[in-house]
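Colleague: Below are the structure tokens for one structure; questions will follow.
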Amino acid sequence: MRRLRLGMVGGGDGAFIGAVHRIAARLDDRYELVAGALSSDPERARASAAKLHIAPDRAYADWAAMAKAEAGRLDAVAIVTPNHVHHGPAKAFLAAGINVICDKPLCLTLDQALDLQQAAAASPALFALTHNYTGYPLVRQARAAVADGLIGAVRVVQVEYPQDWLTTRLEETGQKQAAWRTDPARAGGAGSVGDIGTHAFNLAEFVTGLRCESLAADLTRFAPGRALDDNAHMLLRFAGGGRGMLWSSQVAPGNENGLRLRVYGDKGGLEWLQEEPNTLIFSPFGKPPQRITRGGHGALPVAAHATRIPSGHPEGYLEGFAQLYRDLAEQITARIDKREPDQAALLVPGIEDGLRGMRFITAAVASSERDSAWTKIE
């Protein structure tokens, strides 16, 4: 079983998320990075490619040339650019028949997302969106527990994602990540909502299996002069009658990466915290809460599928990304081998999840602009 040939758009020298994707792709030894358009600056692109041992003739100055030249040569391409450079490369590589792995959110605007949905439908290639938290073993366990009826009918969904790194105007210091994530031209119409609120929204729908039908959102810019929201509070209404709340913030001192999900049904509840990802709390109604660990008693096969190391040894952020890469590799090789893929590998978020995220962003911004009026996600 050969390694899959991987290309990358963005992620040049010094880029944070590009390095994360490369580590994730290597972790299970299923991919080999062989080509790249790693920067919009040609010289930086060439220098970055050399550092990553990419052959000079496969180091490209722009993604359009790469898509044209690498058709039939690459098995997949990872797009790890700022949001405004997702649509063009993704569409070009889909047209070239190359499987796409795209960072979230899907695009800059909902119109771009709808266009990309059509491109994906017309392409023989697969499309994966790296909502990496869906790759965590106990997130998948929580999803299976809800689907199996262990907590009964879902009533309440509480999800939050607080950080503190943008409490001050960090973007004014030249910090690259802060600069583009707070810039509407590169990040899109939302700040914290697009950056981390989409993760919270995706996690809520992934675990519960329910679609959020409408929301009432209050988006705030607490840092003076900031162009995009840095805090958001929302009420959520789910299909079937479930109710929820979502909080995303990048101005909450003391919070590093506090993604937390709590789901309550008529038979019990579940709680998972990203900073303690190897533990899931299951609380059957009328009984003591149960602490389920990633590799311990009570862990389901779906969690074992996403586990690499023995229990008691923490797994987390990088492994979550790696799980999506591994599952997509299984899907790609199954197509190459003309066989059915392992069903456990089909949980990778795709184009429809990306479109859901863009509809969520659009609805949240529209609701906030109308004084938190209830707004359908459509």
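Colleague: Among the residues in segment 154-177, are any in a helix (DSSP H, G or I) and within 21 Å of the chain's Cα centre (by Cα)?
Modeller: yes
Colleague: May I ask you to verify whether GLY209 is open to solvent by 50 Å² or more (accessible area, probe 1.4 Å) and closer than 28 Å to LEU138 by Cα?
Modeller: yes
Colleague: Only one residue in ALA120, ALA128 is in contact with a Gly (Cβ under 9 Å, 6 or more places away or on another chain), closer than 25 Å to ARG73 by Cα and in a strand (DSSP E or B), so which one is that? So that I can check it myself, show each step before the final result.
Modeller: Working: ALA120 fails: in a strand (DSSP E or B).
Testing whether each residue is in contact with a Gly (Cβ under 9 Å, 6 or more places away or on another chain), closer than 25 Å to ARG73 by Cα and in a strand (DSSP E or B) leaves just ALA128.
Colleague: I would also like to ask the following. Test VAL348 against the criterion of being under 18 Å from ALA200 (Cα atoms), at pLDDT 95 or above and not in a helix (DSSP H, G or I), and give yes or no. Walk me through it before giving the result.
Modeller: Details: under 18 Å from ALA200 (Cα atoms): yes; at pLDDT 95 or above: yes; not in a helix (DSSP H, G or I): yes.
Spelling it out, VAL348 is indeed under 18 Å from ALA200 (Cα atoms), at pLDDT 95 or above and not in a helix (DSSP H, G or I).
Colleague: Collect the residues in segment 238-261 that are surrounded by fewer than 17 Cβ atoms within 10 Å (Cβ to Cβ), more than 14 Å from GLY197 (Cα to Cα) and not small (Gly, Ala, Ser), keeping them in residue-number order.
Modeller: Those that are surrounded by fewer than 17 Cβ atoms within 10 Å (Cβ to Cβ), more than 14 Å from GLY197 (Cα to Cα) and not small (Gly, Ala, Ser): ARG243, PRO253, GLU256.
Colleague: Let me ask something else about it. So ALA363 ticks every box in (1) part of a helix (DSSP H, G or I); (2) within 24 Å of HIS21 (Cβ to Cβ) but one. Which box is left unticked?
Modeller: Of everything listed in (1) part of a helix (DSSP H, G or I); (2) within 24 Å of HIS21 (Cβ to Cβ), ALA363 misses just condition (2).
Colleague: Taking the criterion of being open to solvent by 40 Å² or more (accessible area, probe 1.4 Å), basic (Lys, Arg) and farther than 14 Å from LEU138 by Cβ, would at least one residue in segment 290-297 satisfy it?
Modeller: Checking segment 290-297: not a single residue is open to solvent by 40 Å² or more (accessible area, probe 1.4 Å), basic (Lys, Arg) and farther than 14 Å from LEU138 by Cβ.
Colleague: Right, another one. Check whether at least one residue in segment 168-180 is open to solvent by 20 Å² or more (accessible area, probe 1.4 Å), touching a residue at least 60 places away in the same chain (Cβ under 8 Å) and closer than 24 Å to SER311 by Cβ, and report yes or no. Working first, answer last.
Modeller: Step one: list which residues in segment 168-180 are open to solvent by 20 Å² or more (accessible area, probe 1.4 Å), which gives 168-177, 179-180.
With touching a residue at least 60 places away in the same chain (Cβ under 8 Å) added as a condition, the list becomes 176-177, 180.
Filter again for closer than 24 Å to SER311 by Cβ, leaving none.
The answer is no; no qualifying residue exists.
Colleague: Next question, about the same structure. Applying the selection to segment 264-280, what residues are outside any strand (DSSP E or B) and either open to solvent by 70 Å² or more (accessible area, probe 1.4 Å) or over 19 Å from TYR317 (Cα atoms) (or both)?
Modeller: Within segment 264-280, the first condition is being outside any strand (DSSP E or B), and the residues that meet it are 266-267, 274-278.
Once the filter is applied, which keeps residues that are outside any strand (DSSP E or B) and either open to solvent by 70 Å² or more (accessible area, probe 1.4 Å) or over 19 Å from TYR317 (Cα atoms) (or both), segment 264-280 yields ASP266, LYS267, GLU275, GLU276.
Colleague: Here is a further query. May I ask you to verify whether LYS376 is surrounded by fewer than 17 Cβ atoms within 10 Å (Cβ to Cβ) and over 30 Å from ALA187 (Cα atoms)?
Modeller: Details: surrounded by fewer than 17 Cβ atoms within 10 Å (Cβ to Cβ): yes; over 30 Å from ALA187 (Cα atoms): no.
Judged against the criteria, LYS376 is not a match.
Colleague: Taking the options GLY244, GLY258, name whichever one is of a type outside the set (Lys, Arg), within 19 Å of the chain's Cα centre (by Cα) and farther than 27 Å from ALA344 by Cβ.
Modeller: Working: GLY244 fails: within 19 Å of the chain's Cα centre (by Cα).
After applying the criteria, what remains is GLY258.
Colleague: Which of the residues belonging to segment 336-357 are among the charged types (D, E, K, R), in contact (Cβ under 8 Å) with a residue 40 or more places away in the chain and surrounded by fewer than 19 Cβ atoms within 10 Å (Cβ to Cβ)?
Modeller: Taking segment 336-357 as the starting set, the residues that turn out to be among the charged types (D, E, K, R) are 337-340, 342, 352-353, 356.
Right, trim to in contact (Cβ under 8 Å) with a residue 40 or more places away in the chain and you get 352-353, 356.
The answer is GLU352, and nothing else.
Colleague: Continuing with the same structure: Just checking, which of ASP115, ASP111, ASP62, ASP75 is in contact (Cβ under 8 Å) with a residue 40 or more places away in the chain and acidic (Asp, Glu)?
Modeller: Result of the check over ASP115, ASP111, ASP62, ASP75: ASP75.
Colleague: Determine, yes or no, whether ASN202 is touching a strand residue (DSSP E or B) at 6+ places or on another chain (Cβ under 9 Å) and buried (at least 20 other Cβ atoms within 10 Å of the Cβ).
Modeller: The answer is yes for ASN202.
Colleague: Also, I was wondering about something else. Here is a list: ARG140, ARG155. Which entry is of a type in the set (D, E, K, R) and open to solvent by less than 10 Å² (accessible area, probe 1.4 Å)?
Modeller: Going through ARG140, ARG155 in turn, just one is of a type in the set (D, E, K, R) and open to solvent by less than 10 Å² (accessible area, probe 1.4 Å): ARG140.
Colleague: Given (1) in contact with a His (Cβ under 8 Å, 6 or more places away or on another chain); (2) surrounded by fewer than 17 Cβ atoms within 10 Å (Cβ to Cβ); (3) polar (S, T, N, Q), where does THR130 come up short, assuming only one miss?
Modeller: Among (1) in contact with a His (Cβ under 8 Å, 6 or more places away or on another chain); (2) surrounded by fewer than 17 Cβ atoms within 10 Å (Cβ to Cβ); (3) polar (S, T, N, Q), THR130 violates only (2).
Colleague: A further question follows. I'm trying to understand the selection: among the residues of segment 220-237, which are in contact (Cβ under 8 Å) with a residue 40 or more places away in the chain, within 15 Å of GLY194 (Cβ to Cβ) and over 21 Å from the mean Cα position of the chain (by Cα)?
Modeller: Residues satisfying the conditions are ARG226, ALA227.
The values are calculated or read from the model by the stated rules, or taken from the named source; none is laboratory data. Keep in mind the model is a prediction, meaning the values are calculated, not measured. A quick note on method: Cβ atoms are made from the backbone with ideal geometry, for glycine too, and the neighbour counts reach across all protein chains shown. Areas reflect the complete protein model, heavy atoms only, side chains present, ligands, DNA and RNA absent. Shrake-Rupley method; radii C 1.70, N 1.55, O 1.52, S 1.80 Å.
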